[in-house]
Every structure is written in C-alpha cells, then in structure tokens.
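Chemist: Sharing a structure, written as structure tokens. Questions coming.
What follows is calculated from the coordinates using simple rules that are stated; it is not laboratory data. None of these values were measured; they are calculated from a predicted model. Here the Cβ is made from the backbone with ideal geometry for all residues, glycine too, and neighbour counts use every protein chain on show.
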C-alpha cells in the first residue's frame, strides 16, 4: 500500500504560494478596476470599444481572482476553512440585509442622498474582517 507522506514544509510552501497567487490576482483586479473606471474619463474619452474591452478585462481578471481565492481556501486546513466560511456567511447576511435596508431608506425618503455601492463594499469588508478576527479568537 502506497501511503503518501506530507511534509509540513510542503504544506507551508503551498500556503505561501496560494497566498502570493491570490495577492497577485487581487492586485491585478484592483488595477483592472481602476483602468475600467478611470480610463474612459481620463484616457480614451468614453470611446465605446476601449471601454467595453476595459470592462471585459476587469471581469476576466475578477474571475481569475475568484479562482485564486477558491484555490487558497481549498488549501487551508479545516479550522481556517471554518473561520472563512463563518466570516463569509456573516458578510453575506449583513451585506444583503443592510444593503437592501439602506436602499430602502432612500426609496422611502428617510435619507436625502443616493446610496452608493461603495458604502456596501466598505460595510462588507469591515464585516468580513471582524468575522475573521472573531473566528480566529474563537478557535485559538
């Protein structure tokens, strides 16, 4: 019977590689988002073809980042996967409930400004970070 032994050094090396890959994809996605957002205004004067290419590039790099995140998550041990899952579930719930309620406030004229997606993104980032910190403390 062939039993493959795993070395902790291999696992750590794999983790480092997955984190680096996720970091590169995330950086590339942020750059592609900046190109898609600011290119039409600052570089090509709202020309249709480069704008569409910029948005499609952003989507493609975004899906690459999602796949890198998936690979990173699959490489984690069960405890870290659980922490990520709980933080993600909390973020999804908070994002959905608070995002829709925030939009409703404008619709029923309880606030005078228009809610922006950036408000929701910031809330979700803070929620995920808080969920990850709480999860790490919970399982220490």
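Chemist: Using only alpha carbons, build the gyration tensor for the chain and give me the equivalent ellipsoid semi-axes, biggest first, whole Å.
Modeler: 35, 25, 10
Chemist: With a point put 7 Å past each Cα toward its Cβ, work out how far residue 116 is from residue 31 in nm, to one decimal.
Modeler: Between residue 116 and residue 31, the simple spin-label model gives 2.5 nm.
Chemist: Counting other C-beta atoms within 10 Å, which of 113, 63 has the fewest, and how do the rest follow?
Modeler: In increasing order of surrounding Cβ atoms, one gets 113, 63.
Chemist: Would you calculate the separation in nanometres between label points at residue 96 and residue 138, each defined as 7 Å from the Cα along the Cα-to-beta-carbon direction?
Modeler: 1.8 nm
Chemist: Can you put 111, 35 in order, fewest other beta carbons within 10 Å first?
Modeler: Least crowded to most crowded, the residues run 111, 35.
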